[in-house]
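Engineer: Quick one: the structure is below, questions incoming.
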Amino acid sequence: MNNHPAIASGNVAVITGAASGIGLAAAKKFVSLDMKICMADLDEMGLEKAGAEVAALCSGGATDILAVSLDVSDFPSVENLKGKVMQTFGQVNVLMNNAGTSLRAGTWSDFQHWQTMLNVNLWGAINGVQAFTADMIAQGLPACIINTGSKQGITCPPGNTAYNISKAGIKALTEGLQHDLRNTEDCQVSAHLLVPGFTYTGMVKAHLPEKPPTAWLPEQVVEYMLEKLADNEFYIICPDNDVSEEVDAKRILWGAGDLANKRPALSRWHPDYQQAFADFMEE
Ligand SMILES: NC(=O)c1ccc[n+]([C@@H]2O[C@H](COP(=O)([O-])OP(=O)(O)OC[C@H]3O[C@@H](n4cnc5c(N)ncnc54)[C@H](O)[C@@H]3O)[C@@H](O)[C@H]2O)c1
């Protein structure tokens, strides 16, 4: 398989949330392609263990791996991360703003959880874009910025409005970023929105000790991401073992139809629209 030109032997990937799940699977995949990796995470112990696992797979040995513990919601720490990567490897070809957290939050309660989710999920990605993008353009090398969103930021299901907002914000951030990058002269950087389906990672394991059959493994998300990056697709919306690409596309269309057709908000979950939604999905 051909890869996106940023994903190539000797190139450098920076991954936040790299101690676990999708970030760790990406780090393992990138080292298998002889890339140098900066793994960043809040979880110091997890990062140490994950860094050792990735170093064991790395043909260049531990010197090709940089592990940085940080909180992505803190902008000076993210700027410091950029400085360390540039000092160590001299370039950045892939930036994955992937760190994320999901906490219980009612729509008008759990204020602290709202703040944490918006600070980590949304501000974490904004901080990454702010700290890295100008340097990634200036270095004049093929590069990409991949922000991890969620289907919850597109169809906004009821249950965790704060998480939905954080991921809807990432969608808007990444769309605007890609527009501006493609209108920047001599820019070799592209942006992509990675939208995993249901994936068996740390944040899911916390609630479900065994992998449900409907979930994908993080390695499947990373393989799918590389395939879509190779085709230079912007929206990388992963299916899982329950939801196909076609079902996702119809759910997205139904959600947009709420606005265009002046239906009630989130009509997919409104009792008066159950039959109409089911009929639409059957069409
Ligand atoms: N697992 C799913 O089903 C699913 C679905 C859609 C989107 N996502 C998104 O995928 C991304 C990766 O999550 P995952 O599923 O691999 O879960 P995970 O819990 O395995 O990994 C998330 C990592 O982010 C780190 N992290 C949390 N807060 C941080 C902070 N403030 N600073 C730095 N690192 C921090 C955690 O320590 C952890 O290692 C997240 O953005 C998540 O919202 C996951």
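The values are calculated or read from the model by the stated rules, or taken from the named source; none is laboratory data. Model, not experiment: these values are computed from the prediction. Counting neighbours? That spans all protein chains shown, and the Cβs are built from the backbone with ideal geometry, glycine included.
Engineer: For the stretch 68-187, give me every one of the helices (runs of 4 or more DSSP H) that falls completely inside it and has 2 or more residues that are under 30 Å from PRO239 (Cβ atoms) and free of Cβ contacts under 8 Å to residues at least 12 places away in the same chain.
Structural biologist: Numbers: elements: 75-89, 111-117, 124-138, 161-182.
Qualifying helices (runs of 4 or more DSSP H): 161-182.
Engineer: Tell me which residues, restricted to the stretch 188-200, are not in a loop (DSSP other than H, G, I, E, B) and not hydroxyl-bearing (Ser, Thr, Tyr).
Structural biologist: Initial filter on the stretch 188-200 (not in a loop (DSSP other than H, G, I, E, B)): 189-195, 199.
Correct list: VAL189, ALA191, HIS192, LEU193, LEU194, VAL195.
Engineer: Using the structure shown, decide if LEU177 is at pLDDT 95 or above and either in contact with a Phe, Trp or Tyr (Cβ under 8 Å, 6 or more places away or on another chain) or over 23 Å from THR101 (Cα atoms) (or both).
Structural biologist: Working: at pLDDT 95 or above: yes; either in contact with a Phe, Trp or Tyr (Cβ under 8 Å, 6 or more places away or on another chain) or over 23 Å from THR101 (Cα atoms) (or both): no.
When the stated conditions are applied, LEU177 does not pass them.
Engineer: Given (1) crowded, with 24+ Cβ neighbours inside 10 Å; (2) closer than 23 Å to MET136 by Cα, where does ASP34 come up short, assuming only one miss?
Structural biologist: (1)
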